[in-house]
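A.B. asks: Starting off with a structure, shown below.
The values are calculated or read from the model by the stated rules, or taken from the named source; none is laboratory data. Since the model is a prediction, treat every value here as computed from it, not as a measurement. Cβ coordinates were reconstructed from backbone atoms using ideal geometry, including for glycine residues, and neighbour counts include every protein chain displayed.
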Amino acid sequence: MDDLVLQTITRILMPFIQVYGIFVIVNGHLSPGGGFAGGTILGASVILYALTFNVGAAEDLYPDDLAEAVESSSVLIFVLVGLFAILMGANFLTNIGIFPSPETGTLFTGGFVTPLTLAIGVKVASTVITLFTHLFGEKKP
Amino acid sequence: MNIISGLIQNYFYFASIVIFLIGTHVMLTHSNLIKKIMGMNIMETGIFLFVVSIGYIRGGSAPIVPIDGRGVRFINPLPSALILTGIVVGVSLTAFALSLVIELYKYYGTTDSDEIMEMRRRER
Amino acid sequence: MNDPTVHIPVIVICTSLIGAFLAPVLGKYRPALVGLMARLIAPVNALLLVILLRYVDAGETFHYYMGGWAPPWGIALSVDYLAIYVALIIHLVSAVILLYAKDDLFGEVRGDLHRWYYTLFLLLVAAMTALAFSHDFFNIFVFTEIATIAACALIAIKPKKECIEASFKYLILSTVGSGFILLALALIYMVTGHFNLTLVAQNMGAAAEAYPLNIMVSLALLIVGFGVKSALFPLHVWLPDAHSSAPSPSSAVLSGLVVKIYAVVLIRIILTVFGGEVLAAAPIADMILIIASVAIIAGSLFALAQTDIKLLLAFSTVAQVGYIYMGISLLSETGTMGGLVHIFNHALMKTLLFLAAGAIIHQTGLRKISDLDGIAKRMPITMAVFSVGALSMVGIPGFNGFISKMYLATGAFDAGKPVFILVILMSSLLNGLYYLPIVVRAFLGTNAEEGKFAKDELPLSMTFPLVILGLACIYFGLLPGSLLELVRKAAHYLIAV
Amino acid sequence: MTEIFHVMVLTFLIICAIAVAYIRDLLSAVILFAAYSLMMAVIWQQLDAPDIAMAEAAIGAGVTTLLFVVTISKTRRQE
């Protein structure tokens with residue numbers, strides 16, 4: 001699909017989609033959305049790139065090794081944050097006040113909810129991309 | 001009459017059950033595997049619609065606390081959370097099933113379960 | 001709650017999860033370490049669970065609140081004897097299976113997929129453990145789904161068309177099951193307004209009075225949904241293909257553990273949430289009892305007709321799930337104990353049999369029962385262990401299968417339903433009819449080359465788990481005391497509510 | 001008025017679902033399925049569940065459709 005118009009528009013559009021995705025992720029505890037929806041939007045931007053250029057280009061942009069590392073580490077972050085609360089003497093996943101919690105309505109009010117949704121978002125985006133490249137490319141899923 | 005008025009008042013329930021039944025029908029009776037997966041998705045959305053409409057209050061508002069913190073009547077967010085998880089699970093099931101369909105196509109050259117059964121019978 | 005012991009349920013689930021997601025990365029750079037890590041995690045977790053058991057023994061059972069939020073908002077884990085018992089079984093048996101998997105995997109799964117195999121296996125173990133501890137409908141739904149996907153993937157990982165087909169069938173049917181479960185949870189939530197099991201149970205009486213239809217429909221949907229997943233008799237159609245075509249370690253874990261965990265969850269929900277009043281209003285227990293009896297007889301009859309050894313074992317699982325349901329739906333304490341003991345005993349026996357069959361296939365490639373004449377001359381240890389498993393299945397005194405059958409029979413007598421003793425006796429007879437010929441053929445058959453008993457050529461990593469399982473079968477047949485003590489407490493918990 | 005809108009959307013949903021069941025061309029069925037998912041997102045917005053509406057619009061109408069299209073392009077288009 002060597003269409004100049006499509007490719008140019010994709011190049012222009014991609015940052016906006018990604019910024020919107022990140023916005024949805026980090027605002028997960030304040031507004032609708034969150035890690036899952038935002039992560040899908042983030043992944044969709046790379047899929048758009050893959051569709052307008054080719055799948056190989058997307059695989060170069062986001063190689064498999066990186067995807068595996070990102071997926072594993074984001075889950076590990078989630079679990080380790082939960083276990084950290086145990087280390088501090090509270091129950092699993094207790095929101096202990098190690099993160100600053102300013103007044104309601106500003107960005108970092110969620111304690112560690114924000115880092116957790118960030119981990120989920122990254123994981124989902126990565127999974128969506130690998131799903132697509134594996135199904136579309138010749139590699140075994 | 002009682003039943004009909006009940007249906008009219010609870011049209012969300014009625015529609016969700018109809019969708020659920022259509023989905024289950026597609027899933028269990030169509031021989032094409034891709035159609036089966038579509039039926040699976042339709043069935044799931046039917047159930048999701050049912051669960052979410054349980055938590056719905058007419059005239060309530062979405063469960064987002066406004067910045068000035070006024071008290072409004074929120075709809076119940078717990079079913080929504082359950083369904084969000086359900087959607088995640090649904091999409092992963094779909095992706096997994098579709099990759100299985102592609103694998104099956106490599107082996108049998110068809111996506112029709114009747115033809116696959118026929119081929120297997122002939123192999124024996 | 002400052003004692004670190006109370007966190008063990010979460011830690012056990014988390015270590016499995018961490019292992020699951022560490023495996024692909026670790027496997028890429030240090031392939032040798034992945035298996036070692038997986039083999040370490042399960043025994044360590046089992047040890048932790050024993051410590052937890054000691055703790056609960058000293059004090060009393062408790063609920064663990066995730067994030068420190070109490071029930072109406074938070075998610076709770078119930079730490080009671082039933083959960084610990086089931087979790088212990090899961091980790092002990094999967095530890096043995098993982099030991100065995102080391103060498104067997106090379107024959108059945110492509111080399112670069114090994115790390116993913118461990119990922120799926122540990123994910124399945126984590127999901128099952130979480131299901132055992134769950135005290136919340138939300139968690140039950142989520143982990144049921146995770147376990148289902150992991151189990152399907154464990155079948156499909158073997159690149160053969162039978163496996164992929166079986167996996168697809170399993171996937172479609174268990175999705176219908178999950179749909180039913182979700183619908184049932186929605187109906188329960190609709191009238192009780194809670195997802196937490198304790199709170200639902202408190203509101204159940206009033207709800208059942210005001211909306212009997214909702215409760216009955218949700219009960220039926222739950223039985224069908226979990227029935228599909230645990231292969232209760234008329235809904236078992238996916239099981240034989242799936243369990244017989246999967247790689248041997250997968251077959252062992254699917255047949256030995258996965259099927260039962262759904263039965264445990266269903267029973268926990270029915271007995272603790274719905275409770276006596278609802279069960280008294282409709283003959284639910286009697287219906288399950290009859291279905292279970294039919295399952296026992298029909299599963300054995302189907303198994304009798306099979307020529308493939310793994311297919312035979314798979315159909316035998318259908319019958320054995322019937323035992324578990326039967327024991328618990330007898331609603332007497334000894335009957336419940338029989339059902340719960342059978343969960344453990346069957347996990348041991350069926351794992352042993354599947355692994356032994358896997359060893360035979362790994363070594364000789366033979367799957368047909370008629371080809372197994374004189375196989376004991378080539379593989380004496382494997383066949384000796386297989387015989388132990390087969391004798392346990394039949395229920396010969398001195399092996400662990402006898403213990404559970406004895407409790408089931410006593411339970412049927414206590415419940416005033418002695419007819420079911422007949423079912424148990426008949427199924428023992430049928431079990432003998434299809435298991436013993438294999439043993440007899442293997443030891444006395446003359447088809448194979450003449451000669452002395454040769455030494456097994458199996459690697460030690462495959463012989464060792466087999467021998468351990470065989471010894472465990474005999475040990476728990478002769479000295480079941482400590483096991484029965486634990487099971488009695490678990491049964492108390494179920495019956496008391 | 002909202003009731004009438006709800007009933008209209010629900011009717012559209014049911015018609016879409018039936019059409020998905022009876023169309024022989026798989027690609028058309030997938031496109032209809034995408035329309036179905038989008039309508040579902042509208043319903044969820046109407047049911048005051050914006051979280052799900054967003055996820056459904058991204059997942060149901062986006063990713064799932066894409067996966068279906070990819071699968072069909074790798075297998076057969078006609079049923």
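A.B. asks: In region D:7-79, which helices (runs of 4 or more DSSP H) lie fully inside it and hold 2 or more residues that are under 16 Å from B:G23 (Cα atoms) and without any contact (Cβ under 8 Å) to a residue 40 or more places away in the chain?
C.D. replies: Where helices (runs of 4 or more DSSP H) fall fully within region D:7-79 and carry at least 2 residues being under 16 Å from B:G23 (Cα atoms) and without any contact (Cβ under 8 Å) to a residue 40 or more places away in the chain, they are D:26-46.
A.B. asks: So, of the residues in region D:10-37 that are more than 9 Å from chain B (Cβ to nearest Cβ) and among the β-branched types (V, I, T), which turns out to be farthest from B:T29 (Cα to Cα)?
C.D. replies: My answer is D:I31.
A.B. asks: Picking from C:F137, C:F195, C:F141, which residue would you name as being closer than 24 Å to B:L84 by Cα and in contact with an Asp or Glu (Cβ under 9 Å, 6 or more places away or on another chain)?
C.D. replies: C:F195
A.B. asks: Continuing with this model, one more query. Let me confirm something: among C:L49, C:L22, C:L82, which residue is touching a helix residue (DSSP H, G or I) at 6+ places or on another chain (Cβ under 8 Å) and over 24 Å from C:L469 (Cβ atoms)?
C.D. replies: C:L22
A.B. asks: Output yes when any residue across region A:65-86 is within 13 Å of chain D (Cβ to nearest Cβ) and buried (at least 19 other Cβ atoms within 10 Å of the Cβ), and no when none is.
C.D. replies: Within region A:65-86, none of the residues are within 13 Å of chain D (Cβ to nearest Cβ) and buried (at least 19 other Cβ atoms within 10 Å of the Cβ).
A.B. asks: Shifting gears a bit: Which ones in region C:134-171 are small (G, A, S) and assigned to a helix (DSSP H, G or I)?
C.D. replies: Across region C:134-171, the qualifying residues are C:A147, C:A150, C:A151, C:A153, C:A156, C:A166, C:S167.
A.B. asks: Identify all residues within region B:10-58 that are farther than 18 Å from C:L182 by Cβ and more than 10 Å from chain D (Cβ to nearest Cβ); write none if there are none.
C.D. replies: The answer is B:N10, B:K36.
A.B. asks: Which one of these does C:G193 not meet: (1) of a type in the set (G, A, S); (2) more than 14 Å from chain B (Cβ to nearest Cβ); (3) surrounded by fewer than 20 Cβ atoms within 10 Å (Cβ to Cβ)?
C.D. replies: (2)
A.B. asks: In this structure, is D:V70 at pLDDT 85 or above, within 14 Å of chain A (Cβ to nearest Cβ) and within 21 Å of B:D112 (Cα to Cα)?
C.D. replies: Here the answer is yes, as D:V70 does meet what is asked.
A.B. asks: Restricted to region A:19-60, and to residues that are part of a loop (DSSP other than H, G, I, E, B) and surrounded by fewer than 22 Cβ atoms within 10 Å (Cβ to Cβ), which residue is nearest to the other protein chains (Cβ to nearest Cβ)?
C.D. replies: If we take residues in region A:19-60 being part of a loop (DSSP other than H, G, I, E, B) and surrounded by fewer than 22 Cβ atoms within 10 Å (Cβ to Cβ), then A:P32 is nearest to the other protein chains (Cβ to nearest Cβ).
A.B. asks: Moving on to the next point. Just for region C:9-34: of the residues that are out of contact with any Phe, Trp or Tyr (no Cβ under 7 Å at 6 or more places or on another chain) and away from chain A (no Cβ under 11 Å), which one is farthest from A:I77 (Cα to Cα)?
C.D. replies: C:A32
A.B. asks: Just name the residue that is farthest from C:V253 (Cα to Cα) out of those in region C:456-477 that are among the aliphatic types (A, V, I, L, M) and modelled with pLDDT of 85 or more.
C.D. replies: Result: C:I474.
A.B. asks: Within region D:22-57, how many residues are closer than 17 Å to B:M40 by Cβ and touching a Lys or Arg at 6+ places or on another chain (Cβ under 8 Å)?
C.D. replies: Total satisfying the criteria: 2.
A.B. asks: With the structure loaded, tell me whether C:S174 is in a helix (DSSP H, G or I), among the hydroxyl-bearing types (S, T, Y) and touching a Cys at 6+ places or on another chain (Cβ under 8 Å) or whether it fails that test.
C.D. replies: For C:S174, the condition - in a helix (DSSP H, G or I), among the hydroxyl-bearing types (S, T, Y) and touching a Cys at 6+ places or on another chain (Cβ under 8 Å) - is met.
A.B. asks: Moving to a separate point now. If C:W73 passes every condition in (1) part of a helix (DSSP H, G or I); (2) within 11 Å of another protein chain (Cβ to nearest Cβ) but one, which one does it miss?
C.D. replies: Of everything listed in (1) part of a helix (DSSP H, G or I); (2) within 11 Å of another protein chain (Cβ to nearest Cβ), C:W73 misses just condition (1).
A.B. asks: Name every residue in region A:52-89 that is at pLDDT below 80 and under 15 Å from the mean Cα position of the chain (by Cα), in order of residue number.
C.D. replies: Once the filter is applied, which keeps residues that are at pLDDT below 80 and under 15 Å from the mean Cα position of the chain (by Cα), region A:52-89 yields only A:Y62.
A.B. asks: Kindly evaluate C:I297 against the criterion of being assigned to a helix (DSSP H, G or I), crowded, with 19+ Cβ neighbours inside 10 Å and in contact with a Leu (Cβ under 9 Å, 6 or more places away or on another chain).
C.D. replies: No: the conditions fail for C:I297.
A.B. asks: Any residue at all in region C:68-90 that is without any contact (Cβ under 8 Å) to a residue 40 or more places away in the chain and touching a Phe, Trp or Tyr at 6+ places or on another chain (Cβ under 8 Å)?
C.D. replies: yes
A.B. asks: Then there is this: State all residues of region C:393-421 that are aliphatic (A, V, I, L, M) and either in a helix (DSSP H, G or I) or within 24 Å of the chain's Cα centre (by Cα) (or both); if no residue qualifies, say none.
C.D. replies: Of everything in region C:393-421, those that are aliphatic (A, V, I, L, M) and either in a helix (DSSP H, G or I) or within 24 Å of the chain's Cα centre (by Cα) (or both) turn out to be C:M393, C:V394, C:I396, C:I403, C:M406, C:L408, C:A409, C:A412, C:V419, C:I421.
A.B. asks: Across region C:330-341, what is the total count of residues that are in contact with a Gly (Cβ under 8 Å, 6 or more places away or on another chain) and either among the hydroxyl-bearing types (S, T, Y) or not in a helix (DSSP H, G or I) (or both)?
C.D. replies: 4
A.B. asks: Scanning for something crowded, with 16+ Cβ neighbours inside 10 Å, modelled with pLDDT under 85 and over 11 Å from the mean Cα position of the chain (by Cα), does region A:5-18 turn up at least one residue?
C.D. replies: no
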